[in-house]
Structure formats: C-alpha cells, structure tokens
1. Check Glu51, Glu65 and return the single one that is over 30 Å from Arg238 (Cβ atoms) and part of a helix (DSSP H, G or I).
2. Within the stretch 1-46, take every residue that is surrounded by fewer than 24 Cβ atoms within 10 Å (Cβ to Cβ), small (Gly, Ala, Ser) and out of contact with any strand residue (DSSP E or B) (no Cβ under 8 Å at 6 or more places or on another chain) and give me the one that is nearest to Trp206 (Cα to Cα).
3. Does Ile71 satisfy the criteria of being hydrophobic (A, V, I, L, M, F, W, C) and within 16 Å of the ligand (Cβ to nearest atom)?
4. From Arg298, Arg278, which residue is in a loop (DSSP other than H, G, I, E, B) and under 30 Å from Leu13 (Cα atoms)?
5. Which members of the stretch 92-114 meet the condition of being closer than 17 Å to Ile60 by Cα and crowded, with 18+ Cβ neighbours inside 10 Å?
6. Out of the helices (runs of 4 or more DSSP H) lying entirely within the stretch 111-227, which hold 2 or more residues that are away from the ligand (no atom under 16 Å from the Cβ) and not basic (Lys, Arg)?
7. Just need a number here: residues in the stretch 53-73 that are of a type in the set (A, V, I, L, M, F, W, C), surrounded by fewer than 22 Cβ atoms within 10 Å (Cβ to Cβ) and in contact with a Phe, Trp or Tyr (Cβ under 8 Å, 6 or more places away or on another chain).
8. Consider Pro231 carefully, then state whether it is within 16 Å of Ile343 (Cα to Cα) and either within 16 Å of the ligand (Cβ to nearest atom) or of a type in the set (Ser, Thr, Tyr) (or both).
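Quick note: the coordinates plus some simple rules give every number you see, no bench work behind them. Not measured: the values here are computed from a predicted model. Neighbour counts run over all protein chains shown; Cβ positions are idealised from the backbone, glycine included.
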Amino acid sequence: MRPARALIDLQALRHNYRLARELTGAKALAVIKADAYGHGAVRCALALEPEADGFAVACIEEALELRAAGIRGPVLLLEGFFEASELPLIVEHDLWCVVHSAWQLEAIEKSPLASPLTVWLKLDTGMHRVGLHPKDYRDAYERLLACGKVGRIVLMSHFARADELGAQATAEQIAVFETARQGLAAECSLRNSPAVLGWPQAAGDWVRPGLMLYGATPFDMPQAQAQRLQPVMTLQSRVISVRELPAGEPVGYGATFVSTRPTRVGVVAMGYADGYPRQAPNGTPVMVAGSRAPLIGRVSMDMLSIDLTDVPQATVGSPVELWGKQVHAAEVASQAGTIPYQIFCNLKRVPREYIGD
Ligand SMILES: *Cc1c(COP(=O)(O)O)cnc(C)c1O
C-alpha cells in the first residue's frame with residue numbers, strides 16, 4: 001500500500017479549541033468549513049461536539065453533511081444562503097444564518113418561515129468584502145426584529161488584517177464596530193484565529209477560530225499564544241528509493257536542482273496530487289528518520305526528492321514527515337509562497353487516519 005497518509009490528531013484539535021476559549025473567555029464556534037480545512041469536517045465535529053458551543057461552515061451543503069452525521073448543536077452558515085429557496089431548509093435543520101447583504105434581508109422579510117431564524121448580522125467594518133455598510137446596519141437590525149421571522153440576532157464583523165500584529169487597520173475596524181453597535185442589545189462576534197491569538201482588545205461574546213484549531217499559526221512571525229498550539233495534521237510518507245549521484249547531476253523535471261557534491265538522493269511517495277505544494281523550492285525542510293533534510297528538485301505529481309547526504313541513517317522505508325509536529329505546515333507554506341490555510345485545503349488523495357479519539 002502506498003505509504004502517504006494524513007494523520008489527524010483529535011486530541012490536539014481539542015487542545016486548540018480549549019485554548020481559543022481560554023484566551024478569550026468567550027463562546028467559540030469551531031470553524032470547520034471546507035471539510036475542516038482538509039482535516040475532515042465530520043470527524044472533527046464529532047470530536048469537538050461534547051464541548052463545542054457550535055460550528056461554522058460556508059454553506060448549507062456543508063451544514064447538511066454535519067446534520068446527516070448526527071451533529072445536533074448550533075451550525076452557522078458563514079455566507080448565509082445563496083438563494084432564498086434555502087431558507088426552509090435552514091429552518092428545518094435549525095441552522096444559524098449570516099446576513100451579509102441587503103438582498104438577504106429582503107428575502108427573509110418575504111419568506112414565510114415555519115419558525116424563527118437565528119441571524120448573525122454582518123457589518124462591513126473595513127474589509128469591503130461582504131457585510132452591511134455602517135449607515136445601513138441599525139436599520140437592518142430593526143427590520144429583522146420587526147419582521148417577526150427572527151428570534152435572535154448576533155452582531156458580527158470580520159477582520160482583514162488581524163494577522164498583522166499591531167496593524168492600525170484592525171484597531172480601526174474595532175472602532176467602526178463599536179460605533180455601529182451602540183445601543184443595540186445583542187451579542188457580538190468579531191474574532192477569527194489571528195484575533196483570538198493576537199487581539200485581546202477585540203472583545204465579544206463569540207469567537208470564530210478556524211486555522212488555529214488545526215494547530216497552525218496565522219502569523220508570519222513568532223507569537224507567544226500561537227506557540228501554544230498543537231499541530232493536528234501530520235502529512236507523512238516513506239522513502240521509496242535511494243540513489244547516489246556524483247557532483248554535477250540534475251534531479252527531477254526541469255533540472256531545477258543540480259548536485260554540487262556527491263549526493264545521496266531519497267525519493268518520497270508524496271507529490272502535488274496529494275496536495276504537497278509544487279511551488280516548494282529547493283531547501284524546503286522535511287523530517288526523515290528523525291532529522292531535517294532539504295527538498296531537492298521539482299515536486300512531481302506522485303513523488304518528490306530529498307537530499308539524504310547528511311542523513312546516513314535514512315534508507316528505503318524510512319518515515320518522512322512533510323509537515324506536522326516537527327516541520328510546521330506554516331513553514332512549508334511560507335517556503336512555497338502561500339499560507340497554511342491553502343496547503344491544508346489542497347489536501348487530496350491521501351487517506352486520513354484519526355488518532356486521539
Ligand atoms: C473562515 C472564517 C473564519 C475563520 O478564520 P480563521 O482565520 O481560519 O480563524 C472566521 N470568520 C469568518 C466569517 C470566516 O469566513
């Protein structure tokens with residue numbers, strides 16, 4: 001059997017969820033959209049359900065998958081509905097719904113609903129993606145209350161630059177939110193992972209941690225709270241071939257690596273068809289047989305090569321960690337010019353195995 005695997009540590013997932021609550025003293029919706037950032041939404045939800053205050057997903061399709069698996073707790077649709085025809089299903093399955101645009105508000109007003117909705121009313125505090133304009137916010141809140149179809153409203157917004165520690169933009173977004181919500185007697189939610197870890201001054205009754213649950217830092221610099229996270233996914237495989245090359249020999253497609261010394265080359269069963277980034281350059285670290293070794297040559301679809309010259313104990317069959325508890329996904333992502341969010345979401349083909357249940 002091909003040895004490529006993604007090992008998912010559910011104990012680490014619970015540790016990170018608890019950390020989000022401990023750091024904020026708030027209720028936390030575990031963000032498990034996009035199949036829990038590649039970690040498997042149903043398994044992650046089942047592991048967290050006994051203690052989680054609720055979950056958040058991108059769309060009703062993702063929410064129904066959780067309901068079908070027996071998840072009974074609150075599930076928030078982060079983009080609400082995409083067409084009004086989803087509203088009866090949202091009610092039937094007791095889902096919570098973001099309202100981020102005027103057309104959604106109008107659709108709720110026009111829909112006959114069997115029972116009242118829980119709405120998270122989104123304010124655009126400066127990201128300018130979705131969310132109501134501050135001048136329309138109070139009116140939207142009052143219309144929702146008045147239409148008789150909404151039982152509960154949570155006020156929310158989303159940060160554009162919370163991963164930039166100390167960025168003035170986040171302080172400004174908080175100020176816009178505080179002004180817009182004055183006099184509205186409702187719970188609030190602002191914080192994503194970087195804000196949970198790095199913005200204690202952004203208060204709120206609810207937080208929405210995603211990336212941090214999976215144990216990766218959203219910051220591109222060391223940060224004290226992020227260092228307390230435990231990586232959840234270990235992307236692992238084995239060395240399947242070893243060869244010795246003299247100096248001056250190319251390795252892989254395009255000869256993007258040429259040996260400068262006699263080199264012991266190991267080949268690992270892992271490639272971009274598994275989600276390992278093809279953009280990872282020469283020198284990107286992997287752990288092999290307990291030591292760090294550099295990636296060499298271009299990542300191909302099913303295999304990649306590493307330099308084993310300084311890892312004499314590594315042989316065919318040696319275990320390789322592409323990312324996990326020793327080589328952090330954020331480090332690999334940064335080498336590849338992307339972010340851990342994307343390399344997690346890109347995971348495919350490799351079977352997932354769960355531990356710590
Ligand atoms: C995805 C998402 C989150 C989670 O963000 P992380 O940076 O992964 O913690 C929180 N809130 C909203 C609205 C989102 O879309």
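1. Glu65
2. The extreme case among them is Gly25.
3. Here the answer is no, as Ile71 does not meet what is asked.
4. Sole residue among the options that is in a loop (DSSP other than H, G, I, E, B) and under 30 Å from Leu13 (Cα atoms): Arg278.
5. Leu95, Trp96, Cys97, Val98, Val99, His100, Gln104, Ala107, Ile108
6. 134-146, 168-180
7. The number of residues fulfilling the criteria is 2.
8. Numbers: within 16 Å of Ile343 (Cα to Cα): yes; either within 16 Å of the ligand (Cβ to nearest atom) or of a type in the set (Ser, Thr, Tyr) (or both): yes.
The answer is yes for Pro231.
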